[in-house]
Amino acid sequence: MASILSKKQKQKHKSTKLSDLKTLGHDLLSSRAHVNNLPKLLSFVSPTSPPQFVLESLLSLQAFFTPLLPDLPSSSSKPSASNASQDDPDFIYRTWLRSKFDELVESLIQVLLSPQSDETLKEVVLDTIMEFVKSGNGGRFHSAIYHRLLRSIVHSTTPANFLLDLLASKYFKYIDVRYFTYISLEKLSRVLDAKDISDDRNLNTDCNDGGHPSESMDLLIHKIHYIMSHIPSLEASVEKTDYDMWSGSGDDEDISGNLKAENKQHMTEKHNDKVLTAASIAKKMKLKFTKAWLSFLRLPLPLDVYKEVLATLHQAVIPYLSNPVLLCDFLTRSYDIGGVISVMALSGLFILMTQYGLEYPNFYEKLYALLVPSIFMARHRSKFFQLVDACLKSPLLPAYLAAAFAKKLSRLSISVPPSGALVIIALVHNLLRRHPSINCLVNRGGGGATVKDDPETEQRVADGVNDTATASADKSVKKPGIDPFDNEQSDPIKSNAMRSSLWEIDTLRHHYCPAVSRFVLSLENDLTVRAKTTEISVGDFSSGSYATIFGEQMRRRIKLAPLAYYKVPPTSLFSESESEFLGWTFKCEDSKRKNDINDENGKIDQDCNHNSVKRQRVECS
């Protein structure tokens, strides 16, 4: 039966002209007697209707409903049986109009979310819905219609980026729209959180369930995060009063505030009158902002959304929360995951620790475990190394901890790219300058432990048990060429860093990259004299790569560069300056030189003997 009716409606739509719609709309607006034209015009507001028909019907319907909205009863209000007004024809008429208005809003949302609608039509429909939001509650913000709009956008199966961008560009500049957006997003997040818990229970009870609710859940979370990330942040000053308002300014606040509420609906209207002023919204915005974000962060975030949230949390969320310490559970849980997630969670956690007094045990142990070669190629390595430098700046840091970080970084300098070696040199330079107690790592030779580093052996030497035992203990403990540092140890206190040396930094003096070999010379200065040295800005090197090093070398002006050809054509295989073969010597040359020297010495001896014989002959004569 329904299919037969739809076919008849399609045939009527095909036979209807645009001029007929104009006539229907004109009659509807001219007299109450033509109110039956209202359902006819509503039937043309659908995704299957031509765009010009939708627009023509929408113009007439908007002009009809706009002046009537303040007098229409609420769609959720249900009069009791004892109420005599339910038999009033005017009340019945207004209730019928309210149902038709709800149908209009539903049809507009369907047109808005339909992939068949073009962008121009969607923009007009969105403007119409927002006009109903503006004037649908007696000049105050109609939060029910707006929540209905956001819920439909979030739960739609089609991409809604165009709608969300349009909503953000045209309406998020109004403070009341932002306020009720946070309220709606908090409700949607709580519903999704409860749904996720129920889905988990269903999956646990029925293991044979073949559904995949996580895919639809991920799509909903992506849309909620897209909306929240496009809402402009509230200014820090709550005393500002020149905020733009989309709905009325709430001039009836004092009048409605003095009236006594008789039921829950009146209490809600009174509350709305209070919050619809710019000043009151600005004061309560932080609370709604906090509730919306906390509800959202409880959801099972997909990995890409998780990373985006952590990347912007310290700038876009924490400064505007009513109590930022409420994020400690989320950030500590993220910091314990490890890998890139821990690196990205470090920014927010560091702010909570330094600015809001959060105490996090084993923070440096977790930070020490993040120092792996892959971190030097991570996307967010620049911010990470700057935070590492800031975390190690405190003069109250124990010596063993500073030594462990310095030794761990120096060990990594062997296996990281040249850009990473530059960052390590800067970090080690600042550590040695801030903590003079670890300069023994630079001056200690051999890189191994000595007898003095082992208390038991030192006691045996002091007691002088016997010389042979002391000599054997000295050989076994000193271990020349063996580094006592345990690179695989995750606990800094057990890494034996204080018994080691920074021999890896010394090897960087012969690094193949000229920038590294030049920069490492800065560690040859006496860093314990703080007045003559300055800290190195890690930010200048933390974002380096092969491309930046190559570009810097290309910009350098070199006076004498090595050439791949001879300036003067060679006349022999080896020139005279290369006769020594650059330090190489050969046995044949050594024997030849020895024979030549012996021959010369023999000639000299013969000459001396001959001269002596001549002298003797002269004397005899």
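The values are calculated or read from the model by the stated rules, or taken from the named source; none is laboratory data. Quantities reported herein were computed from a predicted structural model and do not represent experimental measurements. Heads up, the Cβs are rebuilt from the backbone with ideal geometry, glycines too, and the neighbour counts pull from every protein chain shown. Keep in mind that these areas ignore ligands, DNA and RNA; they rest on the heavy atoms of the full protein, side chains included. Shrake-Rupley method; radii C 1.70, N 1.55, O 1.52, S 1.80 Å.
So that you can scan it fast, the table gives a plain yes or no per residue for (1) outside the structural domain of Arg381 (by the TED database); (2) open to solvent by less than 40 Å² (accessible area, probe 1.4 Å); (3) more than 33 Å from the chain's Cα centre (by Cα); (4) among the charged types (D, E, K, R):
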| site | (1), (2), (3), (4) |
| --- | --- |
| Ile493 | no, no, no, no |
| Tyr512 | no, no, yes, no |
| Ala515 | no, yes, no, no |
| Arg518 | no, no, yes, yes |
| Glu524 | no, no, yes, yes |
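Are there helices (runs of 4 or more DSSP H) fully within segment 291-363 with at least 2 residues that are more than 14 Å from the chain's Cα centre (by Cα)? List them.
Answer list for segment 291-363: 328-335, 340-355.
Mind checking which pairs have a first residue in segment 165-191 that is outside the structural domain of Ser152 (by the TED database) and more than 15 Å from His147 (Cα to Cα) and a second that is part of a helix (DSSP H, G or I) and open to solvent by 10 Å² or more (accessible area, probe 1.4 Å), Cβ under 8 Å, 6 or more apart or different chains?
From residues that are outside the structural domain of Ser152 (by the TED database) and more than 15 Å from His147 (Cα to Cα), there are no pairs.
For the structure I just gave you, tell me whether Lys366 is in contact with a Lys or Arg (Cβ under 7 Å, 6 or more places away or on another chain) and open to solvent by 20 Å² or more (accessible area, probe 1.4 Å). Please lay out each step first, then the result.
Details: in contact with a Lys or Arg (Cβ under 7 Å, 6 or more places away or on another chain): no; open to solvent by 20 Å² or more (accessible area, probe 1.4 Å): yes.
Against the criterion (in contact with a Lys or Arg (Cβ under 7 Å, 6 or more places away or on another chain) and open to solvent by 20 Å² or more (accessible area, probe 1.4 Å)), Lys366 does not qualify.
Specify which of the listed residues (Asp244, Asp209) is touching a Lys or Arg at 6+ places or on another chain (Cβ under 8 Å), at pLDDT below 85 and not assigned by the TED database to the domain that holds Phe296. Lay out the reasoning, then the answer.
Working: Asp209 fails: touching a Lys or Arg at 6+ places or on another chain (Cβ under 8 Å).
None of the others qualify; the one that does is Asp244.
Identify, please: which residue in segment 60-79 is in a helix (DSSP H, G or I) and at pLDDT below 90 and is, among those, most open to solvent (accessible area, probe 1.4 Å)?
The extreme case among them is Asp71.
Here is a list: Leu397, Leu401. Which entry is assigned to a loop (DSSP other than H, G, I, E, B) and surrounded by 16 or more Cβ atoms within 10 Å (Cβ to Cβ)?
None of the other options fit; the residue is Leu397.
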